[in-house]
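The values are calculated or read from the model by the stated rules, or taken from the named source; none is laboratory data. From a predicted model like this one, the values you see are computed outputs, not experimental measurements. Note that we place each Cβ from the backbone using ideal geometry, even for glycine, and neighbour counts take in every protein chain shown.
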Amino acid sequence: MSVFTITGLLFMLIIYAAISYFYLNKKLGIKPRRIGMFHQDRKKGFILIDGMILILFIAAMFDISAVEGTEKVAALNPATPLFGLFFLLGIVHAAEEWITNRKAKAYYYELLGSAVIAAVFLIIMSEVS
């Protein structure tokens, strides 16, 4: 790993902690709400969307690992589906929080997490290319 990648990742960690803890939690008073995939308070449609994203992730991992040639692996980082999984799950959970419990504003944490995942993905991919 280069110095750029390490400093970029540390910078993203500091930015995430500062925004999450100091701004969202302390200044705005927004508390995070963490719920699992099969929590009883979740709507069935969002559980179905999460399940479809998980199936797409598994299919993408099989597609990357079952390569006949090296062309696909050279063009695609094996961690790409993992970043896509976490990014999409964060967006779906933010949309769910926004639709079901807009007053609590807990969806800000999910959107922030998705933005950090996208930024970390771009930092790591800049190292690969």
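Numbers for the structure displayed
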item	result
Residue that is farthest from LYS27 (Cα to Cα), among those in the range 99-121 that are without any contact (Cβ under 8 Å) to a residue 24 or more places away in the chain and surrounded by fewer than 16 Cβ atoms within 10 Å (Cβ to Cβ)	ILE99
Selected residue (criterion: modelled with the lowest pLDDT) from residues of the range 84-111 that are over 17 Å from TYR16 (Cβ atoms) and aliphatic (A, V, I, L, M)	ALA104
Qualifying positions in the range 21-76 - at pLDDT below 90, among the aliphatic types (A, V, I, L, M) and either outside any helix (DSSP H, G or I) or closer than 15 Å to TYR109 by Cβ (or both)	LEU28, ILE30, ILE35, MET37, ALA66, VAL67, LEU76
VAL116, sole failed condition from (1) under 26 Å from TYR21 (Cβ atoms); (2) at pLDDT below 95	(2)
Condition broken by PHE62, with the remaining ones in (1) surrounded by 12 or more Cβ atoms within 10 Å (Cβ to Cβ); (2) of a type outside the set (D, E, K, R); (3) under 19 Å from THR80 (Cβ atoms) satisfied	(1)
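Here's the yes/no breakdown for (1) of a type in the set (A, V, I, L, M, F, W, C); (2) out of contact with any Leu (no Cβ under 6 Å at 6 or more places or on another chain):
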position	(1), (2)
ILE15	yes, yes
GLN40	no, yes
ILE49	yes, yes
ILE64	yes, yes
THR80	no, yes
ILE99	yes, yes
ARG102	no, yes
TYR108	no, no
SER114	no, yes
